[in-house]
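**Q** Once you've had a glance at the structure underneath, I'll fire off some questions.
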Amino acid sequence: MKTQVKPVSPEAIAEAAQLIADGELVGMPTETVYGLGANALDETAVKKIFEAKGRPGDNPLIVHVSSLAEIPPLVREVPESAKKLMEAFWPGPMTLILPKSDRIPGAVSAGLDTVGIRLPASEAARALIAASGCPIAAPSANRSGKPSPTTAQHVFEDMDGRIPMILDGGASEVGVESSVIDATGDVPVILRPGGITPEMVERVLGDVKVDEHVMSPLAEGDIVRSPGMKYKHYAPRAKTVIFDGQAKR
Ligand code: AMP
Ligand code: MG
């Protein structure tokens, strides 16, 4: 398969949207990192993401929407605390874990009863989702274990020959993944740190927890609330030099 890289334009967005609607994969820009997108409601399309990435099937995907109106069919309920977080931090680099509806295929949620939802700030991403006419499931567009891509060129290096198209929207502004926040209970729990910090959440809701596994390693038999915590991330293949010494006083 030949992988085409096309700069964002109305025509390129229309072409990418058609590919998504046809059950194909598209490398797409977002403000956090580049995503590898597929129709989130099409299980066969979603399975292609796991294949192209070499991603373990028990690591769930984040579902991206272009407006709040697209969320109700995807979830069973939106707790009050989640509504406040949406108002404060969306569109932006925050994923909310909510109870999933039957519309979300098991492959997206990796068999969990919940789904991660995000409304991205990137206008190109929202335009693509809107034009596709479906929510887009998208993990980072790297091969599993490699660093997340922040340019179309990075995506090309990992996905050349595996996907039909990459939409080039320039460098991702944020450069790190979204904060993942479990919003299913009364007190939100941060499962993956990111641009939205515990302090920012606390200011909105007055209370927040950070999952113990964010800072401490997993022990054998530990059950994680966010399956991605089990896997190695951000492993650049490069020589690392550590400078040790006293700070200048
Ligand atoms: P990535 O798309 O590669 O940034 O990874 C998304 C991460 O979000 C996963 O590795 C999980 O840790 C987390 N995640 C997605 N959906 C859920 C969910 N339903 N419950 C808990 N964590 C989730
Ligand atoms: Mg990733």
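**Q** Please go through the range 171-199 and give me each residue that is over 21 Å from residue 9 (Cα atoms), under 18 Å from the mean Cα position of the chain (by Cα) and acidic (Asp, Glu), ordered by number.
**A** Of everything in the range 171-199, those that are over 21 Å from residue 9 (Cα atoms), under 18 Å from the mean Cα position of the chain (by Cα) and acidic (Asp, Glu) turn out to be 177, 182.
**Q** Hey, another quick one. I need the full set of residues from the range 187-218 which are surrounded by 17 or more Cβ atoms within 10 Å (Cβ to Cβ) and assigned to a loop (DSSP other than H, G, I, E, B), in order please.
**A** 188, 194, 195, 196, 208, 211
**Q** If you check 27, 23, which single one turns out to be in a strand (DSSP E or B), in contact with a helix residue (DSSP H, G or I) (Cβ under 9 Å, 6 or more places away or on another chain) and closer than 23 Å to residue 109 by Cβ? Don't jump to the end; show me each part of the working.
**A** Details: 23 fails: in a strand (DSSP E or B).
None of the other options fit; the residue is 27.
**Q** Right, something else. From 97, 49, grab the single residue that is buried (at least 22 other Cβ atoms within 10 Å of the Cβ), within 25 Å of residue 167 (Cα to Cα), β-branched (Val, Ile, Thr) and in contact (Cβ under 8 Å) with a residue 12 or more places away in the chain.
**A** Of 97, 49, the one residue that is buried (at least 22 other Cβ atoms within 10 Å of the Cβ), within 25 Å of residue 167 (Cα to Cα), β-branched (Val, Ile, Thr) and in contact (Cβ under 8 Å) with a residue 12 or more places away in the chain is 49.
**Q** Determine the pairs where a residue that is farther than 10 Å from residue 5 by Cβ and crowded, with 20+ Cβ neighbours inside 10 Å, located within the range 149-175, has a partner that is at pLDDT below 95 and among the hydrophobic types (A, V, I, L, M, F, W, C) with Cβ atoms under 8 Å apart, the partner being 6 or more residues away or on another chain.
**A** Listed by first residue and then by second, the contacts come to 163/1.
**Q** Here's another thing I want to ask about it. Please specify each residue of the range 142-170 satisfying the condition of being in a loop (DSSP other than H, G, I, E, B) and within 17 Å of residue 12 (Cα to Cα).
**A** Of the range 142-170, the ones in a loop (DSSP other than H, G, I, E, B) are 142-151, 160-164, 169-170.
The answer is 151, 163, 164, 169, 170.
**Q** Return the residue satisfying two criteria in turn: it lies in the range 54-69 and is in contact with a Lys or Arg (Cβ under 6 Å, 6 or more places away or on another chain) and under 12 Å from residue 138 (Cβ atoms), and of such residues it is nearest to ligand 1 (Cβ to nearest atom).
**A** Kept after step one, since they are in contact with a Lys or Arg (Cβ under 6 Å, 6 or more places away or on another chain), are these residues of the range 54-69: 54, 62, 64, 66.
Narrowing the set further to residues that are under 12 Å from residue 138 (Cβ atoms) leaves 62, 64.
Values: 62: 5, 64: 10 Å.
This residue is 62.
**Q** Turning to a different aspect of this structure: Does residue 57 fit the bill of being in a loop (DSSP other than H, G, I, E, B) and out of contact with any His (no Cβ under 7 Å at 6 or more places or on another chain)?
**A** Values: in a loop (DSSP other than H, G, I, E, B): yes; out of contact with any His (no Cβ under 7 Å at 6 or more places or on another chain): yes.
In short, yes.
The values are calculated or read from the model by the stated rules, or taken from the named source; none is laboratory data. Remember, predicted model here, so these are calculated numbers, not experimental data. Cβ: placed from backbone, ideal geometry, glycine included. Neighbour counts: every protein chain shown.
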